[in-house]
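Readers should treat all values here as calculations from the given coordinates under stated rules, not as data from a laboratory. Since this is a predicted model, take the numbers as computed values, not measurements. Every residue, glycine among them, receives a Cβ derived from its backbone with ideal geometry; neighbour counts consider all protein chains shown.
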Amino acid sequence: MFFGRQRKEMPPLPPKPGMPGKPGAAPSNKMPIGTMVVTGQSCPESGIWESQGTPSGRSSFPKGARMPDYNKKSCVWKLVRYP
């Protein structure tokens with residue numbers, strides 16, 4: 001209970017420069033988290049990529065690199081994190 005004063009709601013803080021405006025959203029110039037590519041394609045975004053399947057593994061690839069195979073097999077790679 002407040003006596004004589006009303007509690008003011010604070011407005012939300014603006015996003016930090018270079019950070020996405022919505023949780024889970026990609027910055028406007030980046031591919032979204034969850035983007036998938038297959039072995040042999042060009043990496044569309046620098047970041048941490050995870051091979052899909054069993055077993056799976058994570059690797060860092062720069063934008064433009066050729067996506068490799070995993071355990072000597074073609075696979076699908078999923079972007080899981082920006083560097």
Query raised in the report: Which shape class applies to region 36-81: rounded if a/c is under 1.5, otherwise prolate when a/b exceeds b/c and oblate if not, where a ≥ b ≥ c are the square roots of the Cα gyration tensor eigenvalues?
Result: oblate
**Report entry** ³J(HN,Hα), Karplus 6.51/-1.76/1.60, whole Hz, each residue of region 37-44, x for Gly, Pro
**Finding:** 9, 10, 3, x, 7, 6, 5, x
Query raised in the report: Roughly how many nanometres apart are two label points built 7 Å out from the Cα toward the Cβ at VAL76 and THR39?
Result: 1.5
Query raised in the report: Between SER28 and THR54, what is the label-to-label distance in nm when each label sits 7 Å out along the Cα-to-Cβ direction?
Result: 4.4
Query raised in the report: Once amide H atoms are built 1.01 Å from N in the peptide plane, which residues 5 or more positions from TYR70, or in another chain, come under 5 Å H to H?
Result: CYS75
